[in-house]
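**Student:** Please read through the structure below; I'll follow up with questions.
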Amino acid sequence: MKRLQAMVKQLFKTNGIAYGALELDQVEDGPALQDALKERTGQSTVPNVFVNGEHVGGCDDTLQAHSSGKLASLLNGGGGDAQYDYDVVVVGGGSGGLACSKEAAVQGARVAVCDFVKPSPQGTTWGLGGTCVNVGCIPKKLMHQAALLGEAAEDAQKFGWSINTPTHDWEKLVTAVQSHIGSLNWGYRVQLREKRVTYLNAYAQFVDEHTLKTVDKKGKEKTITSRYIVLATGGRPRLPNIPGAREYGISSDDIFSLPHSPGKTLIVGASYIALECAGFLRGLGLDVTVMVRSILLRGFDQQMANLVGEHLEKRGVKFIRQCVPTELQLIEEGPPRRVKVLAKTTDGEVVEGEYNTVLFAIGRDACTDNIGLDKVGVQLSPKDGKVVCTPDEKSTVSNIYAIGDVVSGKPELTPVAIQAGRLLARRLVNDASILTDYANVATTVFTPMEYGCIGLSEEDAIAQFGDDDIEVYHQYFTALEHTVAQRDENGCYAKLVCCISQEYKVVGFHIVAPNAGEITQGYAVAMKLGARKWDFDATIGIHPTVSENFTTMNVTKKSGAESKSSGC
Amino acid sequence: MKMKAPFLPPMSLGLRCLKNVGTTRIESSLLYSTTTAQKYDLVVIGGGSGGLACAKEAAGYGAKVAVLDYVTPSPHGTVWGLGGTCVNVGCIPKKLMHQAALLGKSVKDAAAFGWSVPPAELQLNWHQLVTAVTNHVGSLNWGHRVALRDKRVTYLNASGTMLDRHTVLAKDRKDVETVLQTDNVVLATGGRPRYPTFAGAELAITSDDLFRLRQPPGRTLCVGGSYVSLECAGFLTGLGFDTSVLLRSIPLRGFDQQMAGLVVSAMENLGTRVVRGSEPLRLERTAAGRLRVSLTPSGDGQPPDEEYDTVLLAVGRDPDTRRLGLDALGVTTDRRSGKIVTDPGNRTSVDNIYAIGDIVQGAPELTPTAIVSGRLLADRLYGGSSQLLDLATVPTTVFTPLEYSCVGLSEESAAEMVGGDDQLEVYHAFYRPLEFIIPGRDTSSCYIKAVCERREPQRVLGLHFIGPNAGEVLQGFAVAMRHGMTMESLRQAIGIHPTSAEEVVKLNISKRSGRDPTVTGC
């Protein structure tokens, strides 16, 4: 009996549930109480647990109630945890924050989410949903799609369609994209309401580890308290510290709602955002130049990164390499705006150019400033200024967690944030124990020829396992849809990086091809299951697809054999 | 390039005489021994995907190999080059025409994304499309010949008839005959479209003719519920032709029927007319040169006659075994299908004769399975391997306008296998592909279904996907299926955003729950 009581007490302690215990064997009228309990509850054994006056039962019942979420809802329903206004407050209404808050509410917690968009230096602002929906994945994929449709119109002529090469209307595209985003913003608000999550369109700052001060658009202040606080404030584009950058430059925060065509555009940076923007702007018919300080797509497999770069060049994107801007000067406000860009190469040579739009995509900074993290002692990584977390997303303060782009050392990807948010909510509110698995996360760069990858780059694989233990299978090929279209001959490339000593387990998956995003997803599941090269070989292809090439790869890099395809 | 004649001048006259008197196996062997017929380790009859793969793989092991390929003209006189159905009159031309149709749709979509394309002016030049497709196919024919030469495989553009278990008679277009002696024979002649017996059926064309049709097909009736019929009807509609499909009973027999229903309804939404419950009774040429189709009575009574410019029959395919001389050799065939019965190692009832691809009883009629089985057979014959083809998880895709891809079991067969619907948990979702939203495309058939065992760990028995690029989406999941994919492994995977494929790993609503499977938000 003592053991069962201890278990229940332990459960309460670990979950931070305040409780009082009446030890029947230590009070005078113990036996009488026991009789009364039996009469009222039908249970004479101990422990006999009540929550907010409601009978739960013995040890097993309590543990069961805890794992089913009944305990949490009893605690909330009875207004039990009067200590705090909320069980969970999520700061930041992006993909991760919304997923976390909705899931926490489903699990029975009282939840609020604070979301507030600080305007970009150019004054751009947006609605609920965070980067992905407003100024990230969604608008960029739509603009990428618009560019692909332009290519499709060219290809269509080769397939027998009689059309004139079309021209593009930027404003029409922006209107279409923004109206879709508007519907998503609205959808999120509806979902929050349906799930009974309190939505505060206000900027939150820590007062102490359980208390936030929120300020809304009109400057109205409010203080809210919560048992747990989840940081999901994401990141914002970094602007370089050079004259004119903030005044005359724009970022991905602005491009998708630009009211007029960007015209002749300079993109500064070689991040995936830089290359994606370069790709779709060029695809829409604009004059596009990318200014690169050093390498393309840092952190990605460099052979693939260079291939992506070559495809951009083939489509007419110009590159200025080994060069950084030093100053932006306004020539004419416009529209179209005319900006003079001064830049310097690593050799010290000065480069000058005139553009209508200068877009900076040199990186993103986590939104960890000015929210009072220093006040509560949440530790930030000196490396990236992001929140240092344990594998269960806990910060250095025990009731403060972080998910998404603000977490140090984790991929900045929407689905990662969603998964982390959802699983965290289950652990906080309920008894769940599943952690987010950050390994083998698949991602895709939506350049005109898309690049999908999972796991390690070839470089990282070699560093990790040694050159001798790595076998790389690779294949250049022409997508069937490109043959008649007469473009990109042998322009697709697939690569499997395998670890020899682990039975040729596939540790890196890479593909540059049309629809690489759609192709890559399934292989991510296969790799999570530990797929080896043999499993790829033993799978029958789907003919004719691009993806089937992964089932027939037999040329290794080390063999030096021809890796360009012919035939079918 | 001129292929060097690989043989001494054949004894054509003498052989023809022999055939006329109806030689027995023993006699012929005796007689051939006096000829200078060349000896091979392996003769492959049929130069399609499977036959070529097998021949090249065997040659790679040093075997002396010959491939015989001969295309009997279709009733409308259509012929083609080396490479078999897939390259010439199957996967490749149909995917290209499918792509042409998709591009037409893309051009219309483009307007919603800001491109100046007046949709009214969009016209297809059929001749240009056929030329482009034929040119590409021609380059593949050429590539196959080069590949054979590179691998030192002898190629004979001739039909093959087995005279005895070690002797193949090759006969080319000009009836010049050659005798080949061989240790092993692989039969890989594939199949050809079936002509039903109704009056005037010969006026109709098949997929053998469609891809090289000189005139635009015009108003077209596709007869049959096969994937060939639906694919052709889909791209013809997309290319702007007034197209109807005639379904006698169910579409896509053998496929998951919920998915089949959605595929057909997506086609109807895109403008293909579907006529159900009837089949052709008679076909006649009208005075104006069109085709009048009379149909059998359907549940709704007697359908009126209709006129079409083109009637395409896609009611099934029959194995092309007529010339092989199977009866005389005692090679067992299935009485109903006429296909060749083999053991799991592709061996027929005659122990040095093998069969691969579409002529094998019970094998899926798919190019990649033919290729792999051809390759594995060569590995077993000449490479000391014992590996057999594993057909448990063969993915496939139907390239209808909205593509349908699947791997593993249909919901029906899964239920049968595990002992009833009770033992199944089916997770499903209706989703909206991001690229369909702005042009306002119909998404009511974009649907995903994972058919799982109900008991933990909920192994996925069948995965079904309807949507754009379904073929590309499913291939990777097929690899995962081989590795025992479960619902938990899908849940643990992180999506690639924004794609349609991520909806597969986001599946979370079971049919049993009765909850609305429509995906909302992002």
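The values are calculated or read from the model by the stated rules, or taken from the named source; none is laboratory data. A quick note: this is a predicted structure, and the numbers were derived from the prediction, not measured. With ideal geometry, Cβ positions are generated from the backbone for all residues, glycine too; neighbour counts draw on all protein chains shown. Ligands, DNA and RNA are excluded from the accessible area calculation, which covers all protein heavy atoms including side chains. Shrake-Rupley method; radii C 1.70, N 1.55, O 1.52, S 1.80 Å.
**Student:** Count of lysine pairs in the stretch A:328-436 with Cα atoms under 26 Å apart, counting only pairs 8 or more residues apart in sequence or on different chains?
**Tutor:** Pairs that pass both the separation and distance tests number 9.
**Student:** Greater than 18 Å separation of Cα atoms is the criterion. Which listed pairs, A:K495/A:K558; B:K64/B:K171; A:K558/B:K56; B:K151/B:K339; A:K505/A:K557; A:K318/A:K495, meet it?
**Tutor:** Working: A:K495/A:K558 13 Å; B:K64/B:K171 20 Å; A:K558/B:K56 23 Å; B:K151/B:K339 30 Å; A:K505/A:K557 16 Å; A:K318/A:K495 27 Å.
From the list (A:K495/A:K558; B:K64/B:K171; A:K558/B:K56; B:K151/B:K339; A:K505/A:K557; A:K318/A:K495), the Cα-Cα distance tops 18 Å for B:K64/B:K171; A:K558/B:K56; B:K151/B:K339; A:K318/A:K495.
**Student:** Same structure again: Helix A:414-429 sits at what angle to the longest principal axis of chain A, using alpha carbons and giving 0 to 90 degrees rounded to 10?
**Tutor:** 0
**Student:** Same structure again: Using a cut-off of under 20 Å, list every residue of the stretch B:131-145 whose amide N is near the label point 7 Å from the Cα of A:Q486 along the Cα-to-beta-carbon line.
**Tutor:** B:131-143
**Student:** If we count every other residue with Cβ under 12 angstrom of A:V288's Cβ, Lys/Arg +1 and Asp/Glu -1, where does the sum land? Walk me through the numbers before you get to the answer.
**Tutor:** Numbers: positive: A:K264, A:R282, A:R315, A:K318; negative: A:E276, A:D287, A:E313.
Around A:V288, the charge tally is +1.
**Student:** Could you compute how fast chain B diffuses translationally, taking Rh as the Kirkwood radius over C-alpha pairs and applying Stokes-Einstein at 4 °C with viscosity 1.567 mPa s? Give it in µm² per second. The partial results should precede the final answer.
**Tutor:** Numbers: Rh = 25.1 Å.
Here the translational diffusion coefficient equals 52 µm²/s.
**Student:** Using only atoms on other chains, find how many Cβ atoms lie within 10 Å of each Cβ of peptide A:529-539 and report the average. Each step should come with its number before you reach the end.
**Tutor:** Values: counts 11, 1, 5, 1, 0, 1, 6, 5, 2, 7, 16.
Going residue by residue through A:529-539 and averaging, the value is 5.
**Student:** To continue, here is another question. What does the net charge come to around B:A233 if you take all other residues with beta carbon closer than 13 Å to its beta carbon, with K and R at +1 and D and E at -1? Don't skip to the answer; put the middle values down first.
**Tutor:** Details: positive: B:K94, B:R219, B:R273; negative: B:E231, B:D242, B:E268.
That works out to 0.
**Student:** Put simply, what bits of the stretch B:397-430 lose 10 Å² or more of accessible area when the other protein chains are there, versus the chain on its own (1.4 Å probe)?
**Tutor:** B:T397, B:F399
**Student:** Sticking with this one: Please report, as a whole percent, how much of the solvent-accessible surface of chain A comes from carbon and sulfur atoms (probe radius 1.4 Å).
**Tutor:** Working: 11210 of 23220 Å².
Its accessible area is 48 percent carbon and sulfur atoms.
**Student:** Also: Shape of the stretch A:467-525 from its Cα gyration tensor (a ≥ b ≥ c, root eigenvalues): rounded if a/c is under 1.5, otherwise prolate when a/b > b/c, or oblate? Let's see the in-between values first.
**Tutor:** Numbers: a/c = 4.33, a/b = 1.97, b/c = 2.20.
Oblate is the answer for the stretch A:467-525, as a/c is 1.5 or above yet b/c matches or exceeds a/b.
**Student:** Another question about this same structure. Work out the FRET efficiency for A:K195 and A:R238 from their Cβ-Cβ distance, taking R0 = 25 Å, and round it to the nearest 0.05. All intermediate terms of the calculation are to be shown ahead of the outcome.
**Tutor:** Values: r = 34 Å, r/R0 = 1.36.
Here the calculated transfer efficiency is 0.15.
**Student:** Could I ask something else about it? If eta is 1.567 mPa s and T is 4 °C, what Stokes-Einstein diffusion coefficient results for chain A, Kirkwood Rh from Cα pairs, in µm²/s? Walk me through the numbers before you get to the answer.
**Tutor:** Working: Rh = 26.7 Å.
Value of D from the Cα-based Kirkwood radius: 48 µm²/s.
**Student:** Put a dot 7 Å past each Cα toward the Cβ at A:N554 and B:E306; how far apart are the dots in nm?
**Tutor:** The answer from the label model is 4.7 nm.
**Student:** Taking 1 over the mean of 1/r across every pair of different Cα atoms in the stretch B:79-204, what Kirkwood radius in Å do you get? Before the final figure, lay out each step's value.
**Tutor:** Values: mean 1/r = 0.0535 Å⁻¹.
Mean inverse Cα-Cα distance, inverted, gives 18.7 Å.
**Student:** Which of the peptides B:75-88, A:215-228, A:186-199 is most tightly packed, and how do the rest follow, going by the mean number of other Cβ atoms within 10 Å of each residue? Could the numbers behind the result be given before it?
**Tutor:** Details: B:75-88: 20.9, A:215-228: 14.3, A:186-199: 16.4.
Order by mean packing, descending: B:75-88, A:186-199, A:215-228.
**Student:** Between B:R282 and B:R194, how many nm apart are label points set 7 Å from Cα along the C-beta direction?
**Tutor:** 2.4
**Student:** Which value in Å does the Kirkwood hydrodynamic radius of the stretch B:363-522 take, with 1/r averaged over all unlike C-alpha pairs and then inverted? List each step's numbers first, then the result.
**Tutor:** Working: mean 1/r = 0.0592 Å⁻¹.
Over the stretch B:363-522, the inverse of the mean reciprocal pair distance is 16.9 Å.
**Student:** Then there is this: Please report the equivalent ellipsoid semi-axes of the stretch A:449-559, computed as sqrt(5 x eigenvalue) of the Cα gyration tensor, largest first, in whole Å. Intermediate values should be presented prior to the final figure.
**Tutor:** On the way: eigenvalues 113, 42, 31 Å².
Those come to 24, 14, 13 Å.
**Student:** Among the residues of the stretch A:405-431, which ones have their accessible area go down by 30 Å² or more when all the protein chains sit together, as opposed to their chain alone (1.4 Å probe)?
**Tutor:** A:P415, A:Q419
**Student:** So, one more: Less than 12 Å Cβ to Cβ from A:K158, Lys/Arg counted +1 and Asp/Glu -1: what total charge do the surrounding residues give?
**Tutor:** Working: positive: A:R487; negative: A:E151, A:E154, A:D155, A:E481.
Residues near A:K158 contribute -3 overall.
**Student:** What percent of all Cα-Cα pairs in the stretch B:326-423 falls in each 5 Å bin, counting up from 0?
**Tutor:** All Cα pairs, binned at 5 Å, distribute as 2, 11, 17, 18, 16, 15, 10, 7, 3, 1, 0 percent.
**Student:** Computed FRET efficiency, Cβ-Cβ of A:T125 and A:Q322, R0 41 Å: what is it to the nearest 0.05? Intermediate values should be presented prior to the final figure.
**Tutor:** Numbers: r = 36 Å, r/R0 = 0.87.
Between A:T125 and A:Q322 the formula returns 0.70.
**Student:** Tally up the carbon and sulfur contribution to the accessible surface of chain B as a whole percent, 1.4 Å probe, everything protein left in place. The partial results should precede the final answer.
**Tutor:** Working: 10570 of 20850 Å².
Roughly 51 percent, rounded to a whole number.
**Student:** With N residues in the stretch B:286-326, what two-decimal value do you get for its Cα radius of gyration over 2.2 N^0.38 Å? All intermediate terms of the calculation are to be shown ahead of the outcome.
**Tutor:** Numbers: Rg = 16.5 Å, N = 41, 2.2 N^0.38 = 9.0 Å.
Scaled against compact globular proteins, the figure is 1.83.
**Student:** May I pose another question? Kindly list the residues of the stretch B:54-94 that lie in the label zone of B:D183, defined by a backbone N under 19 Å from the point 7 Å along the Cα-to-C-beta vector.
**Tutor:** Those under the cut-off are B:54-68.
**Student:** Which semi-axis lengths, in whole Å and largest first, follow from the square roots of five times the eigenvalues of the Cα gyration tensor of the stretch B:218-310?
**Tutor:** Values: eigenvalues 100, 54, 20 Å².
Square roots of five times the eigenvalues give 22, 16, 10 Å.
**Student:** Also, I was wondering about something else. What is the average number of partner chain Cβ atoms found within 10 Å of a Cβ in B:498-510?
**Tutor:** Values: counts 15, 15, 4, 12, 7, 1, 3, 8, 3, 0, 0, 0, 0.
Neighbouring Cβ atoms belonging to other protein chains average 5 per residue here.
**Student:** If you take the accessible area of B alone plus A alone and subtract the pair, what total do you get in square angstrom, rounded to 100, with a 1.4 Å probe?
**Tutor:** Numbers: alone 24460 and 26840 Å², together 44080 Å².
Its buried surface, counting both partners, is about 7200 Å².
**Student:** Taking the mean number of other Cβ atoms within 10 Å as a proxy for protection, how do you rank A:363-372, A:501-510, A:17-26 from highest to lowest?
**Tutor:** Numbers: A:363-372: 17.4, A:501-510: 20.0, A:17-26: 11.5.
Highest mean packing first, the order is A:501-510, A:363-372, A:17-26.
**Student:** When a/c reaches 1.5 or more, the comparison of a/b and b/c decides; with that in mind, is the stretch A:423-491 rounded, prolate or oblate per its Cα gyration tensor? Working shown, then result.
**Tutor:** On the way: a/c = 4.44, a/b = 1.66, b/c = 2.67.
It is oblate, given that a/c is not under 1.5 and a/b is not larger than b/c.
**Student:** With N set to the number of residues, divide the alpha-carbon radius of gyration of the stretch A:244-360 by 2.2 N^0.38 Å and report two decimals. Could you put the intermediate results ahead of the total?
**Tutor:** Working: Rg = 13.6 Å, N = 117, 2.2 N^0.38 = 13.4 Å.
This ratio for the stretch A:244-360 stands at 1.01.
**Student:** Keeping all protein chains in place, calculate the accessible area per residue for chain B (probe 1.4 angstrom), answer in Å².
**Tutor:** Numbers: 20850 Å² over 522 residues.
Here the per-residue accessible area is 40 Å².
**Student:** Here is a further query. Show me the three semi-axes of the equivalent ellipsoid for the protein assembly as shown, from the C-alpha gyration tensor (sqrt of 5 times each eigenvalue), largest first, rounded to whole Å.
**Tutor:** Result for the protein assembly as shown: semi-axes of 59, 37, 29 Å.
**Student:** Please list, in order, the residues from the stretch A:266-288 whose amide nitrogen is less than 18 Å from a point placed 7 Å along the Cα→Cβ vector of A:K340.
**Tutor:** Hits in the stretch A:266-288 for A:K340 at 18 Å: A:266.
**Student:** Determine, for each peptide in A:548-560, B:327-339, B:97-109, B:443-455, the mean count of other beta carbons within 10 angstrom over its residues, then list the peptides with the highest first.
**Tutor:** On the way: A:548-560: 16.9, B:327-339: 14.5, B:97-109: 23.8, B:443-455: 20.9.
So the peptides A:548-560, B:327-339, B:97-109, B:443-455, ranked by packing, come out B:97-109, B:443-455, A:548-560, B:327-339.
**Student:** Can you give the FRET efficiency to the nearest 0.05 for B:R152 and B:I250, using r as the Cβ-Cβ distance and R₀ = 56 Å?
**Tutor:** Details: r = 48 Å, r/R0 = 0.86.
Efficiency, rounded to the nearest 0.05: 0.70.
**Student:** Need one number: convex hull volume per residue for the stretch B:146-279, Cα atoms only, in Å³. The partial results should precede the final answer.
**Tutor:** Numbers: hull volume 27.9 nm³, N = 134.
Dividing the Cα hull volume of the stretch B:146-279 by its residues yields 208 Å³.
**Student:** On average, how much area does the Cα convex hull of the stretch A:369-481 cover when viewed from any direction, in nm²? Could the numbers behind the result be given before it?
**Tutor:** On the way: hull surface 44.1 nm².
Result: a mean projected hull area of 11.0 nm².
**Student:** Pop out a list of residues from the stretch A:544-564 that are at least 50 Å² less accessible with all the protein chains around than in their chain alone; 1.4 Å probe, no ligands or nucleic acids counted.
**Tutor:** So the qualifying set is A:P544.
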